Amino acid sequence: MSAEFILDTPIVRAFVAGVRATIAGASTPEAACEEIRPLFARLLADPDWLPADYQAASPESGMGGGIGQWLIYRADDGSLSLFSLVVPPDSETPIHDHLAWGLVGLYCGAQDEEIYAEQNDALELVERRSLGPGDFYVLLPPRDDIHRVRTTSVETSVSIHLLTNDTGCVWRHAYDPSSGEARPFRSGYVNFACDHEADKR
Ligand SMILES: [Fe+2]
(Lines give C-alpha, C1' and ligand atoms only; values in the text may rest on other atoms or scores of the structure.)
Protein backbone atom coordinates (compact mmCIF):
# COMPACT_ATOMS: atom_id res chain seq x y z
CA MET A 1 0.00 0.00 0.00
CA SER A 2 1.24 3.43 -0.84
CA ALA A 3 0.30 6.60 1.01
CA GLU A 4 0.03 8.20 -2.39
CA PHE A 5 -3.37 6.61 -3.05
CA ILE A 6 -5.87 8.15 -0.66
CA LEU A 7 -8.61 6.41 -2.64
CA ASP A 8 -6.91 3.11 -3.36
CA THR A 9 -8.94 1.23 -5.97
CA PRO A 10 -7.98 -0.66 -9.14
CA ILE A 11 -9.63 2.01 -11.32
CA VAL A 12 -7.72 4.87 -9.69
CA ARG A 13 -4.46 2.91 -9.80
CA ALA A 14 -4.91 2.04 -13.48
CA PHE A 15 -5.77 5.65 -14.36
CA VAL A 16 -2.77 7.06 -12.49
CA ALA A 17 -0.43 4.43 -13.98
CA GLY A 18 -1.64 5.36 -17.47
CA VAL A 19 -1.20 9.06 -16.79
CA ARG A 20 2.27 8.66 -15.33
CA ALA A 21 3.45 6.50 -18.21
CA THR A 22 2.06 9.03 -20.67
CA ILE A 23 3.74 11.98 -18.97
CA ALA A 24 7.06 10.11 -18.82
CA GLY A 25 6.93 9.41 -22.54
CA ALA A 26 5.55 12.75 -23.78
CA SER A 27 7.78 15.44 -25.20
CA THR A 28 5.63 18.37 -24.06
CA PRO A 29 2.74 19.06 -21.68
CA GLU A 30 0.52 19.65 -24.73
CA ALA A 31 1.35 16.22 -26.10
CA ALA A 32 0.80 14.59 -22.72
CA CYS A 33 -2.63 16.22 -22.37
CA GLU A 34 -3.66 15.04 -25.83
CA GLU A 35 -2.75 11.48 -24.92
CA ILE A 36 -4.43 11.64 -21.54
CA ARG A 37 -7.73 12.86 -23.05
CA PRO A 38 -9.26 9.40 -23.71
CA LEU A 39 -8.25 8.11 -20.25
CA PHE A 40 -9.77 11.17 -18.64
CA ALA A 41 -12.97 10.94 -20.71
CA ARG A 42 -13.39 7.32 -19.60
CA LEU A 43 -12.96 8.26 -15.94
CA LEU A 44 -15.58 11.01 -16.24
CA ALA A 45 -17.99 8.65 -17.99
CA ASP A 46 -17.75 5.91 -15.34
CA PRO A 47 -20.52 6.52 -12.76
CA ASP A 48 -19.26 4.00 -10.21
CA TRP A 49 -15.66 4.67 -9.24
CA LEU A 50 -15.99 7.77 -7.02
CA PRO A 51 -17.43 7.05 -3.53
CA ALA A 52 -20.15 9.31 -2.12
CA ASP A 53 -17.68 10.75 0.45
CA TYR A 54 -15.70 12.28 -2.38
CA GLN A 55 -18.85 13.91 -3.74
CA ALA A 56 -19.82 15.60 -0.46
CA ALA A 57 -19.76 19.28 0.33
CA SER A 58 -17.61 20.48 3.23
CA PRO A 59 -18.76 23.28 5.53
CA GLU A 60 -15.24 24.17 6.75
CA SER A 61 -13.39 24.12 3.49
CA GLY A 62 -10.53 26.41 2.56
CA MET A 63 -12.45 27.44 -0.53
CA GLY A 64 -15.48 28.74 1.40
CA GLY A 65 -19.11 28.23 0.34
CA GLY A 66 -19.13 24.62 1.52
CA ILE A 67 -16.82 23.67 -1.34
CA GLY A 68 -15.04 20.38 -0.72
CA GLN A 69 -11.71 19.48 -2.28
CA TRP A 70 -11.13 15.74 -1.82
CA LEU A 71 -7.74 14.26 -2.49
CA ILE A 72 -7.76 10.99 -4.43
CA TYR A 73 -4.07 10.64 -5.29
CA ARG A 74 -0.91 12.67 -4.83
CA ALA A 75 2.57 11.81 -5.98
CA ASP A 76 5.11 11.72 -3.14
CA ASP A 77 7.24 14.27 -4.97
CA GLY A 78 4.34 16.69 -5.48
CA SER A 79 4.45 16.32 -9.27
CA LEU A 80 0.87 15.12 -9.74
CA SER A 81 -2.45 15.21 -7.94
CA LEU A 82 -5.94 13.92 -8.62
CA PHE A 83 -8.84 15.33 -6.63
CA SER A 84 -12.55 16.04 -6.77
CA LEU A 85 -13.98 19.51 -6.24
CA VAL A 86 -17.52 19.58 -4.88
CA VAL A 87 -19.41 22.84 -5.30
CA PRO A 88 -22.91 23.12 -3.78
CA PRO A 89 -25.73 24.79 -5.75
CA ASP A 90 -25.23 28.57 -6.04
CA SER A 91 -21.75 28.39 -4.50
CA GLU A 92 -18.74 29.62 -6.39
CA THR A 93 -15.00 29.38 -5.88
CA PRO A 94 -12.87 32.46 -5.38
CA ILE A 95 -11.12 33.60 -8.54
CA HIS A 96 -7.94 31.52 -8.38
CA ASP A 97 -5.01 30.14 -10.31
CA HIS A 98 -3.48 26.63 -10.37
CA LEU A 99 0.17 27.12 -11.37
CA ALA A 100 0.32 23.74 -13.10
CA TRP A 101 -0.87 22.11 -16.28
CA GLY A 102 -3.39 19.30 -16.45
CA LEU A 103 -7.02 18.46 -17.18
CA VAL A 104 -10.23 19.44 -15.43
CA GLY A 105 -13.62 17.94 -16.19
CA LEU A 106 -17.14 17.71 -14.89
CA TYR A 107 -18.31 14.47 -13.30
CA CYS A 108 -21.85 15.49 -12.35
CA GLY A 109 -24.01 18.58 -12.12
CA ALA A 110 -23.43 21.72 -14.18
CA GLN A 111 -21.01 24.62 -13.81
CA ASP A 112 -20.28 27.96 -15.38
CA GLU A 113 -16.61 28.80 -15.69
CA GLU A 114 -15.31 32.35 -16.01
CA ILE A 115 -11.77 32.77 -17.24
CA TYR A 116 -9.77 35.89 -16.43
CA ALA A 117 -6.56 37.43 -17.66
CA GLU A 118 -4.31 39.93 -15.87
CA GLN A 119 -4.26 43.18 -17.82
CA ASN A 120 -2.44 46.25 -16.49
CA ASP A 121 -2.72 45.10 -12.85
CA ALA A 122 -6.44 44.45 -13.25
CA LEU A 123 -8.42 41.34 -14.03
CA GLU A 124 -10.38 41.10 -17.21
CA LEU A 125 -13.05 38.50 -17.90
CA VAL A 126 -12.00 36.93 -21.18
CA GLU A 127 -14.30 33.94 -21.54
CA ARG A 128 -17.33 32.30 -19.98
CA ARG A 129 -18.33 28.73 -20.69
CA SER A 130 -20.85 26.22 -19.40
CA LEU A 131 -19.92 22.65 -18.58
CA GLY A 132 -22.04 19.55 -18.18
CA PRO A 133 -21.15 15.99 -17.20
CA GLY A 134 -18.30 14.62 -19.30
CA ASP A 135 -17.12 18.04 -20.51
CA PHE A 136 -13.49 18.79 -19.76
CA TYR A 137 -10.71 21.19 -20.65
CA VAL A 138 -6.95 21.26 -20.69
CA LEU A 139 -5.13 23.79 -18.51
CA LEU A 140 -1.79 24.96 -19.87
CA PRO A 141 -0.67 27.93 -17.75
CA PRO A 142 -0.16 30.76 -18.09
CA ARG A 143 -2.98 30.52 -20.63
CA ASP A 144 -6.44 30.36 -19.01
CA ASP A 145 -4.95 29.66 -15.58
CA ILE A 146 -7.11 32.18 -13.67
CA HIS A 147 -10.75 31.29 -13.29
CA ARG A 148 -13.78 30.94 -11.08
CA VAL A 149 -16.38 28.19 -11.22
CA ARG A 150 -19.98 28.35 -10.07
CA THR A 151 -22.53 25.56 -9.82
CA THR A 152 -25.58 26.25 -11.95
CA SER A 153 -27.44 22.97 -11.42
CA VAL A 154 -29.93 22.36 -8.61
CA GLU A 155 -27.69 19.53 -7.49
CA THR A 156 -24.12 19.84 -6.27
CA SER A 157 -21.49 19.74 -9.02
CA VAL A 158 -18.47 17.49 -8.83
CA SER A 159 -15.45 18.11 -11.03
CA ILE A 160 -12.33 15.98 -11.34
CA HIS A 161 -8.92 17.64 -11.46
CA LEU A 162 -5.72 16.08 -12.66
CA LEU A 163 -2.91 18.60 -12.24
CA THR A 164 0.86 18.39 -12.25
CA ASN A 165 1.40 19.83 -8.79
CA ASP A 166 0.02 19.15 -5.32
CA THR A 167 -2.71 21.70 -6.00
CA GLY A 168 -4.37 21.67 -2.58
CA CYS A 169 -1.11 22.12 -0.67
CA VAL A 170 0.89 24.55 -2.80
CA TRP A 171 0.59 28.27 -2.25
CA ARG A 172 -1.14 29.83 -5.20
CA HIS A 173 -3.28 32.94 -5.62
CA ALA A 174 -6.83 34.10 -5.13
CA TYR A 175 -7.87 37.40 -6.68
CA ASP A 176 -10.16 40.22 -5.65
CA PRO A 177 -12.73 40.48 -8.46
CA SER A 178 -12.93 44.28 -8.44
CA SER A 179 -9.33 45.36 -7.80
CA GLY A 180 -7.64 42.33 -9.37
CA GLU A 181 -5.34 42.18 -6.34
CA ALA A 182 -3.76 38.77 -5.74
CA ARG A 183 -3.44 37.25 -2.26
CA PRO A 184 -1.66 34.05 -1.22
CA PHE A 185 -4.10 31.14 -1.30
CA ARG A 186 -3.85 27.55 -0.18
CA SER A 187 -7.07 25.60 -0.55
CA GLY A 188 -6.04 22.45 1.32
CA TYR A 189 -7.88 19.13 1.10
CA VAL A 190 -10.79 18.01 3.26
CA ASN A 191 -9.31 14.54 3.78
CA PHE A 192 -5.57 15.20 3.84
CA ALA A 193 -3.49 17.59 5.95
CA CYS A 194 -0.84 19.56 4.10
CA ASP A 195 2.55 19.81 5.77
CA HIS A 196 2.31 23.27 7.26
CA GLU A 197 6.02 23.68 7.88
CA ALA A 198 7.29 22.59 4.51
CA ASP A 199 6.20 24.39 1.39
CA LYS A 200 5.83 27.81 3.00
CA ARG A 201 5.71 30.53 0.44
FE1 LIG B 1 -9.75 25.84 -10.59
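Just to be sure before I move on: is Leu43 within 16 Å of the ligand (Cβ to nearest atom), modelled with pLDDT of 95 or more and within 23 Å of Thr22 (Cα to Cα) in the structure I sent? Can you show your working first?
Numbers: within 16 Å of the ligand (Cβ to nearest atom): no; modelled with pLDDT of 95 or more: yes; within 23 Å of Thr22 (Cα to Cα): yes.
Answer is no for this residue.
Mind listing just one residue for me: the one in the range 66-95 that is without any contact (Cβ under 8 Å) to a residue 60 or more places away in the chain and closer than 16 Å to Asp112 by Cα and, of those, surrounded by the most Cβ atoms within 10 Å (Cβ to Cβ)? Break it down stepwise before answering.
Of the residues in the range 66-95, the ones without any contact (Cβ under 8 Å) to a residue 60 or more places away in the chain are 66-67, 77, 92-93.
Remaining after also requiring closer than 16 Å to Asp112 by Cα: 67, 92-93.
Numbers: Ile67: 25, Glu92: 19, Thr93: 21.
Restricting to residues being without any contact (Cβ under 8 Å) to a residue 60 or more places away in the chain and closer than 16 Å to Asp112 by Cα, the top hit is Ile67.
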| field | Extreme residue, farthest from Thr151 (Cα to Cα), among residues of the range 85-95 that are more than 11 Å from the ligand (Cβ to nearest atom) and not charged (D, E, K, R) | value | Val86
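Look through the range 1-40, keep the residues that are among the hydrophobic types (A, V, I, L, M, F, W, C) and exposed (fewer than 15 other Cβ atoms within 10 Å of the Cβ), and return whichever of them is nearest to Tyr137 (Cα to Cα). Steps first, answer last, please.
Filtering the range 1-40 for residues among the hydrophobic types (A, V, I, L, M, F, W, C) gives 1, 3, 5-7, 11-12, 14-17, 19, 21, 23-24, 26, 31-33, 36, 39-40.
Then drop every residue that is not exposed (fewer than 15 other Cβ atoms within 10 Å of the Cβ), which leaves 1, 3, 11, 14, 17, 21, 24, 31.
On the way: Met1: 31, Ala3: 28, Ile11: 21, Ala14: 21, Ala17: 21, Ala21: 21, Ala24: 21, Ala31: 14 Å.
Among those that are among the hydrophobic types (A, V, I, L, M, F, W, C) and exposed (fewer than 15 other Cβ atoms within 10 Å of the Cβ), it is Ala31.
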| query | Applying the selection to the range 27-57, what residues are outside any helix (DSSP H, G or I) and closer than 22 Å to Asp144 by Cα? | reply | Ser27, Thr28
| the range 1-26, residues that are among the polar types (S, T, N, Q) and not in a loop (DSSP other than H, G, I, E, B) | Thr22
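Find the residue count for the range 1-60, including only residues that are in contact with a Pro (Cβ under 8 Å, 6 or more places away or on another chain) and either without any contact (Cβ under 8 Å) to a residue 12 or more places away in the chain or more than 15 Å from Ile160 (Cβ to Cβ) (or both). Even if it seems obvious, please write down each step before you answer.
Narrowing the range 1-60 to residues in contact with a Pro (Cβ under 8 Å, 6 or more places away or on another chain): 7, 44, 57.
Then drop every residue that is not either without any contact (Cβ under 8 Å) to a residue 12 or more places away in the chain or more than 15 Å from Ile160 (Cβ to Cβ) (or both), which leaves 57.
Count: 1.
Can you name every residue in the range 141-154 that is more than 15 Å from Thr167 (Cβ to Cβ) and more than 12 Å from the chain's Cα centre (by Cα)? Talk me through it step by step, then tell me what you get.
First, the residues of the range 141-154 that are more than 15 Å from Thr167 (Cβ to Cβ): 142-144, 148, 150-154.
Correct list: Pro142, Arg143, Asp144, Arg150, Thr151, Thr152, Ser153, Val154.
The values are calculated or read from the model by the stated rules, or taken from the named source; none is laboratory data. Nothing here was measured: the structure is a model prediction, and the numbers come from that model. Glycine also receives a Cβ, built like all others from the backbone with ideal geometry; neighbour counts cover every protein chain displayed.
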